1. With the Cα gyration tensor of the range 3-162 giving a ≥ b ≥ c as the square roots of its eigenvalues, does the rule (a/c under 1.5 for rounded; else a/b larger than b/c for prolate; else oblate) give rounded, prolate or oblate?
2. Would you list, by chain and number, the aspartates and glutamates whose Cα falls below 14 Å from the Cα of residue 54, excluding same-chain residues fewer than 8 positions away?
3. So which GluC sites (Glu not before Pro) in the range 17-91 end up in coil per DSSP with only 11 or fewer other C-beta atoms within 10 Å?
4. Against the longest alpha carbon principal axis of the chain, how many degrees, from 0 to 90 and to the nearest 10, is the axis of helix 249-260 turned?
5. Classify the range 204-308 from the C-alpha gyration tensor, please: rounded if a/c falls under 1.5, else prolate or oblate depending on whether a/b exceeds b/c.
6. Which angle between 0 and 90 degrees, to the nearest 10, do you get for helix 475-492 versus the longest principal axis of the chain when only C-alpha atoms count?
7. Rounded, prolate or oblate, given the Cα gyration tensor of the chain, with a/c below 1.5 counting as rounded?
8. Compute the signed sum of charges (Lys and Arg +1, Asp and Glu -1) over the other residues within less than 15 Å, Cβ to Cβ, of residue 402.
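Just so you know, all these numbers are worked out from the coordinates, no wet-lab data involved. No experiment lies behind these values; they were computed from the predicted model shown. Every residue, glycine among them, receives a Cβ derived from its backbone with ideal geometry; neighbour counts consider all protein chains shown.
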Amino acid sequence: MTADTARDLYEPSRAAGPAANPFDAPAWSTPFGLPPFEAIRPEHYVPAFASALKTHEAEIASIAGNAEAPSFANTVAAMERAGQALDRVANVFFNLTGSDTSPELQAIERAVAPQLARHGSAITLNPQLWSRLSAIDAEDLGAEERRVLDRYRSRFRRAGADLAPEAKARLAEIATRLAELGTQFSQNVLADERGFVLPLAREDDLAGLPPFLRDAAAGAAAERGDGHGHVITLSRSLIEPFLVFSTRRDLRERAYQAWIRRGENGDESDNRAIVSEIVRLRAERARLLGFESFAHLKLDDAMAGSPDAAMELLRNVWKPALQRAAAEREALQTLVRAEGHDFALEAHDWRHYSEKLRRAEHDLDESEIKPYLQLKGMIEAAFDTASRLFGLRFEEVADVPRYHPDVRSWIVRDADGSEIGLFLGDYFARPSKRSGAWMSAFRSQERLNGEIRPIIVNVMNFARAPRGEPTLLSFDDARTLFHEFGHALHGLLSDVTYPLLSGTAVSRDFVELPSQLYEHWLQQPEVLRAHARHVTTGEPMPAALLERLLAAANFNQGFATVEYAASAIVDMTLHLSAAGEDGLDVVAFEADALRRIAMPAEIAARHRAPHFAHIFSGDGYAAGYYSYLWSEVLDADAFDAFREAGDIFHPETAQRLRRMIYGAGNLRDAREAYTAFRGRLPSIEPLLKKRGLAA
């Protein structure tokens, strides 16, 4: 960032007078060491980043220039202790840019992201550091120390530490540019999501919407403050139920087109050129590092090991899913004709007629289920499950710093009463929050720098109920809550010494195991009987309704599997191909990739490339969206361990799960970790059975 850029960003705030920068304090005296959110202002970030970067650069220079012979203590452990000030600023800043951003924060993000990329490259491409890491003798190290050393060497090697100076310089340029592009991509998607509103101005516009959805649409309108009585936004918790219930086919089509065309509207937030450049730069990076493609580079360090292994799994699921989806399509088209219509089923019709078919086949209505799925009750269900599995207790605390009034906080205690960490829940959609749901950390667990307890946050986008009324969830929403809380437990239960190995810092196709496994408990009758209680009467879900709900678990699984797997296949195909080298028409490429796998016209990929934030906001899930399915193979098999034990809360199995999976961070290779829990690696059969795709 140049001085002029910083001045442009912060000139307006100077009129208000100077304010102490909270990041200047060596430690925060707030409860639990939470960031003092109320005191942090946008103008604090640039000087805080500048100071923290300068400090970290000095720390790294000291390690690299150490005249003593390289050792684990003076090189690896020293690097693990370095950068704490930078981590503190970045953890606060990037959590807020996702969950409660603003034009000021977005401007800072665009300026800071490439600067941080350059800083990271300067470390991993430092020849002195690489020489020291390479010279350390691992023979006398403990198991955790050997793992940390191995992970550092892998990280440096994969960043280009072994390459010639010219190649290193080019890799640094690529990293900087990718940081710029990823930031712009995510901000463009948010702009399209924030910019679309479908007003429901007349009673006819509300046709088919049940009371809970009318209330949510009214709440969204009130939050927007644009004078409309009801609106549909592109928050998934609003648009998906609208596509289910609205009987206005024209409005369903309008909303659906806005949803699938995010990042592809030919305006200043169009992402197509950004995607093309990202794909090209990733391919060049992989080639410089000696890999056939970016997918080969990415999966070389993943549990799958190769693109072929990931694609084989996708192909094994695709064929039965396609057959199941074809049967579903015919059933829906029959329903359309039975209503006296002569139109061909389209993508914006699928959810609507699928819900009608579910009612017919399972006597199950989403609006009948939601009154039993209060947000409050589902939070309690997630906590109670963790208590029964791992002995955890959750104590809500109110008088603590919060970055937004919606945020709730709980102290998490172990069975012996000792404090494990702090859990934050941020559950409601708002224009300042990107779509989706995720887990993140304001502070991660470690012991190298003292007994550091984690501060973990779950961020959701549920549609808020009108003021004073309880928020109701769909079953999919409740599943999302359990999924993200599984990630949260992975961070909270971490029990490692070194920051590099903490919590969710595992391979991408293993990180979804703790989250997807946790979803299984939501679907257990004894959990639902205890916590699915009617919003008005407090009565538990009737046995007949519970039975119908669980019997319909695999309903529409052809659709669900096809829309997910299509995105995973496009992701992998993009990153296996070098099409981006000469300029990529991403929409045409995507269409061709889907044509070659016989994608049904009535189903769209869950994430289309111009808004596929998983793979283009950063490279975390790039060539890795298959990871959800890979982890699902693991989670389906892992839950069978409890079934085989005859108790879904079996103490010994739960203890082993905590020790080997949830608490182990990256202490060992993913295959070794899973085998340590289960005694063997899994097969695909439990997954196919779980999704109802087995023959």
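1. Details: a/c = 2.46, a/b = 2.02, b/c = 1.22.
Note, shape of the range 3-162 comes out prolate.
2. The qualifying aspartates and glutamates are 24, 87.
3. For GluC sites (Glu not before Pro) across the range 17-91 that sit outside H, G, I, E and B with at most 11 neighbouring Cβ atoms in 10 Å, the list reads 68.
4. 10
5. Values: a/c = 3.44, a/b = 2.53, b/c = 1.36.
Note, shape of the range 204-308 comes out prolate.
6. Result, in degrees: 20.
7. Rounded shape, in that the Cα axes give a/c under 1.5.
8. Working: positive: 408, 430, 433; negative: 38, 100, 396, 399, 406, 426.
Around residue 402, the surrounding residues sum to -3.
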